[in-house]
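Student: Here it is, the structure, as structure tokens.
Please treat every number below as a calculation from the coordinates, not as lab data. Remember, it's a predicted structure, so these values are computed and weren't measured experimentally. Using ideal geometry, Cβ is built from the backbone for each residue, glycine included, and neighbour counts are taken over all protein chains shown.
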Amino acid sequence: MKVLVVGSGGREHAICQSFRRSGKVTQVLCANGNAGIAEIAECVPIKPTDIAGLVEFASRNAIDMTFVGGETSLALGIVDEFEARGLKIIGPSKHASQMESSKSFAKDFMARHNVPTAKYVTAHSPSSAVRSLESGDFGDENSPVVVKADGLAAGKGVVVATNRAEAVAAINEMADLVGADAAEKIVLEECLFGKEVSLLMFANGEDFALMPPTRDHKRIGEGDTGPNTGGMGTITDSSLLTSQELENIVETIVRPTLRGCVAEGFPFRGILFLGIMMTAAGPKLLEYNVRFGDPETQAILVRLETDLVDICEAMVGGTSQEFPEIKWRPGSSACVVLASQGYPSAPKTGDMISGLDSTSHVPNVSVFHAGTSMLVPGEYYTAGGRVLGVTATGENLDEALSVAYEAAGKISFDGMQFRRDIGK
Ligand code: AMP
Ligand code: GLY
């Protein structure tokens, strides 16, 4: 079969690799891909936001299945458009994608279905958000509060303010930070404390199959300092959640969510990503994402042993179709992101990358390309903020981390930055 992957980052490189390993796939295509993806897939120059162009391409080229990487295409309704043309595609509908594309939609949904989450208020203007704070909805002027833009903001729409003055500043700056559309509504939230964990699943209606729990490292600097990024590294490891915690999350968050989607007429099909805070009062849901995470996916898919095509068939089949038993490579995994100088605010690009060849000799390592280009045949150059995701598996977390860092140590480019404390 011919599979089309939509997107151009490290996540999509990992997805393409999983499809390449499938015995059922004869050709992998990627729109629009990057220099690393081009080694294993045919890249086609159609942007993930060009939904009409993607539909045309898939039908003209007899694509058997399309897999959507990122939220932007989903929020634009790519799944509805493909399905209207009878094309098989993996991902949630435009309506279901609001679970990610609108924070107020997601919070109201959680409230309707008793999913534990932070107390919140949705404000329809900056001034009403400020009034809500001043009326004491979130404690006094010294209380922390979280300010979120309602719409998609590529990770820039959340400010964890340590007091009211910082929150007011964030409210007033939000439209400049993320654009007027995304900031049309503002969600204020009680600040939660605890360990964060991400839990992703393959879902079809009320059926689901969990992936190994994972942890992202969002800040640019070691010790979780500095500005937020798209993610500087991830691990999968069984110590992230005990089996009792996992069971509790399934009963209080996963099942009510999937049942709620069915009850509201939009059975969820695709990948559902839960951002969870393990608070003293139990697990609370921070957010839904309706797609694979980046770089969570890199660390998850290197452990997938079941054919991804079989899992995809279960996500698009009728709700009577059950998921195959999914096998994960035992142990742990780690992904260390190598980013360019100036990331996240002003990434410098166009620097030559050396040492990539020598990583191919390190066992159990995959180097996924995020922002790379091949300006000269055979030579890779940086072409984005996050450049590479060096990903390794191991029998335990220490081994996965040491292999990932060993491989990362062989790669260099001008201004390269990475965190040395992933998984610590
Ligand atoms: P989100 O995009 O909603 O996951 O928010 C991004 C990050 O902000 C999360 O990964 C958390 O670290 C933090 N965050 C979001 N909501 C809260 C909250 N209610 N309390 C504390 N931290 C939060
Ligand atoms: N790494 C966070 C995300 O993909 O949303």
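Student: Can you compute 3J(HN,Hα) from phi for each residue in the stretch 30-38, using the Karplus curve 6.51 cos²θ - 1.76 cosθ + 1.60 with θ = phi - 60°, rounded to whole Hz and x for Gly and Pro?
Tutor: 9, 10, 9, x, 8, 5, x, 4, 4
Student: Taking the convex hull of the alpha carbon atoms in the stretch 301-397, what volume per residue do you get, in Å³?
Tutor: Given the Cα convex hull of the stretch 301-397, per-residue volume reads 153 Å³.
Student: To continue, here is another question. If the only charges are +1 at each Lys and Arg Cβ and -1 at each Asp and Glu Cβ, what is the size of the charge dipole of the chain around the Cα centre, to the nearest 20 debye?
Tutor: Charge dipole of the chain: 260 debye, to the nearest 20.
Student: Convert each backbone phi in the stretch 327-335 into a coupling constant with the Karplus relation 6.51 cos²θ - 1.76 cosθ + 1.60 (shift: θ = phi - 60°), then list the ³J(HN,Hα) values in order as whole Hz, x for Gly and Pro.
Tutor: Karplus values, whole Hz, x for Gly and Pro: 9, 10, 4, x, x, 9, 8, 8, 10.
Student: So, one more: Can you pull the Kirkwood radius for the stretch 212-286, inverse mean 1/r over Cα pairs, to one decimal in Å?
Tutor: It is 14.4 Å.
Student: Check His217: other-chain or 5+ apart residues with amide H under 5 Å from its amide H, H built from backbone geometry?
Tutor: For His217, the qualifying residues are Met232, Gly233.
Student: Further question on the same structure: Please report the Cα spread of the chain along all three principal axes, rounded to whole Å, starting with the longest.
Tutor: The Cα atoms of the chain stretch 61, 50, 43 Å along the principal axes, largest first.
Student: Return the subset of Lys107/Lys156; Lys218/Lys348; Lys94/Lys284; Lys185/Lys348; Lys119/Lys156; Lys119/Lys185 for which the Cα-Cα distance in this structure is over 28 Å, preserving the input order.
Tutor: The pairs that break the limit, which is 28 Å between Cα atoms, are Lys185/Lys348.
Student: I would also like to ask the following. Put +1 on the Cβ of every Lys and Arg and -1 on every Asp and Glu Cβ in the chain; which of Met315, Pro227, Ile411 then has its Cα farthest towards the positive end of the dipole?
Tutor: Sorting the options by dipole projection puts first Met315.
Student: If you don't mind, there's one more thing I want to ask. The stretch 189-232: percent of C-alpha pairs farther apart than 16 Å?
Tutor: Cα-Cα pairs in the stretch 189-232 separated by more than 16 Å: 59 percent.
Student: Projected area of the stretch 145-280, taken from the Cα convex hull and averaged over every viewing direction, in nm²?
Tutor: For the stretch 145-280, the mean projected area of the Cα convex hull comes to 9.5 nm².
Student: Next up: Under unit Cβ charges (Lys, Arg +1; Asp, Glu -1), what dipole magnitude, rounded to 20 debye, does the stretch 120-264 have relative to its Cα centre?
Tutor: Result for the stretch 120-264 is approximately 160 debye, rounded to the nearest 20.
Student: Sticking with this one: Based only on Cα atoms, what Rg/Rh ratio does the stretch 17-131 have, Rh being taken as Kirkwood's radius?
Tutor: 1.11
Student: A further question on this structure: Applying the Karplus parametrisation 6.51 cos²θ - 1.76 cosθ + 1.60 with θ = phi - 60° to the phi angles of the stretch 217-232, what ³J(HN,Hα) value in whole Hz is obtained for each residue in order, glycine and proline being reported as x?
Tutor: 10, 7, 7, 5, x, 4, x, 6, 10, x, x, 6, 10, x, x, 9
Student: While we're here: Quick one: Cα centre-to-centre distance for the stretch 45-119 and the stretch 252-283, in angstrom?
Tutor: Here the two parts' Cα centres lie 17 Å apart.
Student: Between Val44 and residues 5 or more places away or on another chain, which pairs have amide H atoms under 5 Å apart, with H built 1.01 Å from N, and which residues are they?
Tutor: Cys30, Ala31
Student: Here is a further query. Rounded to two decimals, what ratio of Rg to Rh does the stretch 353-401 give with C-alpha atoms and a Kirkwood Rh?
Tutor: That ratio is 1.05, to two decimals.
Student: Separate question: Quick one: of the DSSP bridges fully inside the chain, what percent are antiparallel, nearest 5?
Tutor: Of the beta bridges lying entirely in the chain, close to 80 percent run antiparallel.
Student: Let me check the size of the stretch 294-350 from its C-alpha atoms; what are the radius of gyration and Dmax in Å?
Tutor: Reported Rg and Dmax, both Å: 17.2, 50.
Student: In terms of modelled amide H atoms, which long-range or inter-chain residues lie less than 5 Å from the amide H of Asn396?
Tutor: The answer is Ser332.
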